[in-house]
Every structure is written in C-alpha cells, then in structure tokens.
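The values are calculated or read from the model by the stated rules, or taken from the named source; none is laboratory data. Everything numeric in this text was worked out from a predicted model, so none of it was measured. Here Cβ is always computed from backbone atoms with ideal geometry, including for glycine, and neighbour counts include all displayed protein chains.
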Amino acid sequence: MAQQEDVFKKIVSHCKEYGFVFPSSDIYDGLGAVYDYGQNGVELKNNIKQYWWQSMVLLHENIVGIDAAIFMHPTTWKASGHVDAFNDPLIDNRDSKKRYRADVLIEEQIAKYDDKIEKEVEKARKRFGDSFDEAKYRETSERVREAQEKRDALHKRYQQVMNAPGGIDLEGMKQIILDEEIVCPISGTRNWTDVRQFNLMFKTEVGAAAEGASTIYLRPETAQGIFVNYLNVQKTGRMKLPFGIAQIGKAFRNEIVARQFIFRMREFEQMEMQFFVKPGTELQWFSDWKQTRMKWHQNLGFGAENYRFHDHDKLAHYANAATDIEFRMPFGFKEVEGIHSRTNFDLSSHAKYSGKKIEYFDPETNESYTPYVIETSIGVDRMFLSIMCHSYEEQKLDNGEIRTVLHLPAALAPVKLAVFPLTKKDGMPEKAQEIIKDLRFHFNCKYEEKDQIGKRYRRMDAIGCPYCVTVDQQTLEDDTVTLRDRDTMEQKRVKIADLRGIIEDKVSITSLLKNLL
Ligand code: ATP
C-alpha cells in the first residue's frame, strides 16, 4: 500500500513537472481542491472530451448535444432537490481538527474487511497451488468466515442508517464509527464530534444592489441544464423517444474532504448524457447503457480486470437503480462514472415548480406521458486521473537506466509526433520543419532540436508522445527518416511520404470509435 502511495505521489509531481496539471493560482500557494491544466494537460483533456462527445453524438443518431449556462434560475435547485438534500454527512476529529465524510469512513472500513478476506484467499492460493478450491476455502476457513460475518453485519447496519425512513440516521452513523473503533488517520484517536449534514452547493448573488440581489447557485451537476431544456430540444429537434441529450461542462461542489489531487475537486468538469425513454422500459435501457459505457472504458485497452460495477447501497432521492463504474486507482477501486435510472423525478418536479406541462406525446400509442430518464455521468478530471495512473511507468531498461514513460492511448496523447533534426546544421532543421508543416494539419506535432537525441526521446516518453521521427544525413539524400515507437522503442526507416499514412490512423479518435461499433 505504501508503495502505491509513493507511485501516486510520483504521478502528481509528474503531472506538474510536465505541464499536465498545476495547482490553481500556484504563485499564491494554490487553492484547496482547485487545479489548472497545463499545455499538455489541456490537450489530453480535450481528447478525452472528444472521445466521449463523438461516441455519444456522432455514433448515435438519436443523441444530440447542448451547452447550457452554469447559472440557472434558483428554483431549478429547489425542484431538483439539491437545496434540501444535496448534503454530505460530515464528522470532525477534535484532536487533529480534520474533517471527514462519515459515510466514506464507514465505506473504507468495509473495504478493509474485503481486503483482509482477499489477502487470506491469496495466501491460501499460493500455499495450495493448483489444487486450490477457492469456494471451499471461503466456506471453511475460520478467519475468512469471521471477517466475512463482520463485514456483512457492518454492511447491513450501514444500509439501515443510510436508508432510515426520515433521512440518513446521523446518530446511527456516529455509533457505527465508535463501535468499529475507527480512528482518525492523522491523530490516531477516536475523539469524534457528532455527525452533521453539510450542503455542497456554492452560493453567489446576481444583481448589483444588495436589496435587489438574489441568491443563485453554481451548478453542482450539469444534468439540470439538460432537463430544463428537454422541451426546447425535443420540439425544435423533432426528437422521438427514445432519445438523448449530451452535455460537457463545469460543475461545482464545496467538497468536505478534498485530498486526492484531481479525484475530488471543488470545480470540475462533467460529461453527462440524459436518455429519455418510455416509462416501463427504463430498466432495460439502464442495463444497455451499463454495457455501452463499460465498453467505452475498456476500449482504451487498460485491461478488463481494472474495472468493476459497484451498485449503490443508498439510492439518491430520484433513482430506482444506480451503479458506478469503478477503476483501479493506486488508492483502490474508485468511482469514475455513475449510471442512474432517474425515473421521471426531474421532469415531473420541474413541471410542478414551473407550472409548464413537460410531457411527450407518443404518436404510436396516442398517449402523453412524462418520459423516464437514464443518466450516464462521468467526470472528465477523474477520467484524466485514471488514464494518468494507468499509463505511468518507471521502466527499467537493459542498461540499468530507468525511463519514465506514459503509455497513453495514442488517440488521447497530447502530442502525436515529435520531429527532431539529428544536428542543428546541414539543413536538417529546415527538413524537419518541412515535415511538420505538412503533417500539422492532421495531428499535433512538436519540433525539438535541443539536447542529444536520447534526451529528446526521454522528454517525449514523459509526455506520452507515441512517435518520434529523426531527420539525419540520409534523410537529405533519400527522403527517409527513422520512426521510433514510444512503447517498444523500436526504430525503423520509413519514407517521409509514408509518415502520414502510418501514423494518422493510429492516433485518430476515429480509430478508437470504430472499435465501439
Ligand atoms: P462521489 O461519491 O465520489 O462524491 P458522486 O456519486 O457524488 O461522487 P455523481 O454525482 O454521480 O458523483 O457525479 C458523477 C461523476 O462526476 C462522478 O462519477 C465523478 O467522475 C464526477 N465527480 C463528482 N464529484 C466530483 C468532484 N468533486 N471532483 C471531480 N469529479 C467529480
């Protein structure tokens, strides 16, 4: 675990050192849980967004996009339930003065039992070798059974407090924390305050005069911008059910605990798609979208074993089914995307609060009804982090050197091709620039002439550039260059005229999209 934490720290500093992510307002020592994307980060981020947008809007005839404003009429958040219920249960440790989410402390305790069980099973697997019968071992091992019983009892209690009839049972939560003897990781003590609810929305005011000003919120999710535009899009786009509306945009949450770099930020970006369906068909669509979205993730080639679904223990006030897609980060499996069956809660509620009729007239059955909604909601920044974590490698080479390389999927890499003149003379720089001049219309190219070739390769490895081309003496004679592959480090001689054909297909988003069909 300590090793994993070290890796994570290295990834965070790599992100800064190579222009991917900087702390916000860095010269003033940063602002908690707010980050800026640098010259390479913005390219990677834009590519992630493009991969998502195109998979939704280009590949589905019945999905269209919008871009709604961040500020919305304040009643939106009354109708959506956020003013009353967008809370996290918080608890403080009196000794360290650190604040935690009480639900997260309990979930981490459940995960500890899970880890313990898995470790026992792994140990036994090694001991018994080929003859290992896992199911039988789980049943018969005293230690595994005991840990499993404790885990299940805790899980059941947790579900009960989260789903208590009058809302989350805050006293019950505290009691679990005390009974499980959960300690603050900083102070190591169990000196906890009571659990309180904390609303996560940021407030601000519109209007100049204090008397005339009214309170508005920074949106905590992009979804509501879609719901309030449902009628506009359905009518103007003559959309027929089922259909979807996609949107990418900023969202803001005053997170209580914001310690894991860009995993949990106060200002972040979401890619959300609301899919409107006929009532009664929603659970089938929920299941279809689960598969579609998992395929989108696994298409990046990070290995199916690094993803899992995690069904929610507590359903949000609007949902009748919900699951998360989790990815194996260096700090455990963590949510990257949520898929929710939101029923007709949002549209009905907006109809009630606005007094407008928000329905769909079904020409096949001649009925009017409020559509049900399946939502897929993914954080751009979390996706970015998962890609960074999986791509980062400190590779030991045969000569004993370590090279730091980002194995980014080529289609997402910030720079696709670096072109180097071997030396700064004999017309090599001009030749290299000529190559770039031709190729820059097709993908992002970078010119580098400083330092020895080996160092230039390392710099490109560190930003995940999949291809490097070197212009040398022979280039000037026969118009061929060496093309070096980031992952295998193999070099081959190719004609300049063939470069585009070799590279373009591998680095285009289209190459990723084609595998989705
Ligand atoms: P969590 O349980 O981790 O707080 P959530 O269940 O509240 O997340 P959703 O409301 O389902 O998250 O939001 C959808 C997606 O938006 C998440 O899967 C995540 O990728 C992203 N997201 C949510 N909150 C944050 C945040 N504070 N920083 C970065 N990304 C976030």
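Remarks
- Yes/no for residue 367 being charged (D, E, K, R), in the same structural domain as residue 238 (by TED's automatic domain parsing), away from the ligand (no atom under 16 Å from the Cβ) and touching a Ser or Thr at 6+ places or on another chain (Cβ under 6 Å): no
- Residue tally, condition modelled with pLDDT of 95 or more and either more than 18 Å from residue 354 (Cα to Cα) or surrounded by fewer than 18 Cβ atoms within 10 Å (Cβ to Cβ) (or both), over the stretch 79-90: 0
- Summed over the stretch 185-195, the residues that are on the phi < 0 side of the Ramachandran plot and exposed (fewer than 14 other Cβ atoms within 10 Å of the Cβ) give a count of 6.
- Residue list for the stretch 1-22, filter: closer than 26 Å to residue 247 by Cα and over 16 Å from the mean Cα position of the chain (by Cα): 22
Residue by residue, here is whether (1) within 13 Å of the ligand (Cβ to nearest atom); (2) surrounded by fewer than 19 Cβ atoms within 10 Å (Cβ to Cβ) holds:
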site	(1), (2)
197	no, yes
205	no, yes
245	no, no
248	yes, no
251	yes, no
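- Strands (runs of 3 or more DSSP E) completely within the stretch 284-355 that count 2 or more residues being in contact with a Leu (Cβ under 9 Å, 6 or more places away or on another chain): 321-329, 332-343
Residue-by-condition table, conditions (1) touching a residue at least 40 places away in the same chain (Cβ under 8 Å); (2) charged (D, E, K, R):
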| position | (1), (2) |
| --- | --- |
| 290 | yes, yes |
| 302 | yes, no |
| 316 | no, no |
| 319 | no, no |
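- Unique match (being free of Cβ contacts under 8 Å to residues at least 12 places away in the same chain and farther than 19 Å from residue 413 by Cβ) among 477, 490: 477
Yes or no, residue by residue, for (1) within 9 Å of the ligand (Cβ to nearest atom); (2) buried (at least 19 other Cβ atoms within 10 Å of the Cβ):
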{"residue": "258", "(1), (2)": "yes, no"}
{"residue": "282", "(1), (2)": "no, yes"}
{"residue": "289", "(1), (2)": "no, yes"}
{"residue": "292", "(1), (2)": "no, no"}
{"residue": "296", "(1), (2)": "no, yes"}
{"residue": "306", "(1), (2)": "no, no"}
{"residue": "345", "(1), (2)": "no, yes"}
{"residue": "348", "(1), (2)": "no, no"}
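- When residues in the stretch 370-387 are screened for being over 22 Å from residue 7 (Cα atoms), within 9 Å of the ligand (Cβ to nearest atom) and aliphatic (A, V, I, L, M), 1 of them pass.
- Scanning the stretch 168-184 for residues that are touching a residue at least 24 places away in the same chain (Cβ under 8 Å) and loosely packed, with under 14 Cβ neighbours inside 10 Å turns up just one, 171.
- Residue within the stretch 41-55 that is over 30 Å from residue 241 (Cβ atoms), buried (at least 16 other Cβ atoms within 10 Å of the Cβ) and free of Cβ contacts under 8 Å to residues at least 24 places away in the same chain present: no
- The set of residues in the stretch 260-280 being in a strand (DSSP E or B) and more than 16 Å from the ligand (Cβ to nearest atom) consists of 276, 277.
- Scan of the stretch 25-40 for residues that are in contact with a Gly (Cβ under 8 Å, 6 or more places away or on another chain) and surrounded by 16 or more Cβ atoms within 10 Å (Cβ to Cβ), ordered by number: 38, 40
- The single residue among 355, 332, 338 that is within 13 Å of the ligand (Cβ to nearest atom), surrounded by fewer than 18 Cβ atoms within 10 Å (Cβ to Cβ) and of a type in the set (Gly, Ala, Ser) turns out to be 332.
- Checking residue 238 against (1) at pLDDT below 95; (2) away from the ligand (no atom under 16 Å from the Cβ), the condition it does not meet: (1)
- Some residue of the stretch 203-216 being in contact with a His (Cβ under 9 Å, 6 or more places away or on another chain), farther than 25 Å from residue 111 by Cβ and assigned by TED's automatic domain parsing to the domain that holds residue 76: yes
- Members of the stretch 312-329 found to be over 20 Å from residue 108 (Cβ atoms) and surrounded by fewer than 18 Cβ atoms within 10 Å (Cβ to Cβ), listed by number: 315, 316, 317, 320
- Residue check, residue 226 buried (at least 19 other Cβ atoms within 10 Å of the Cβ), of a type in the set (A, V, I, L, M) and outside the structural domain of residue 69 (by TED's automatic domain parsing): no
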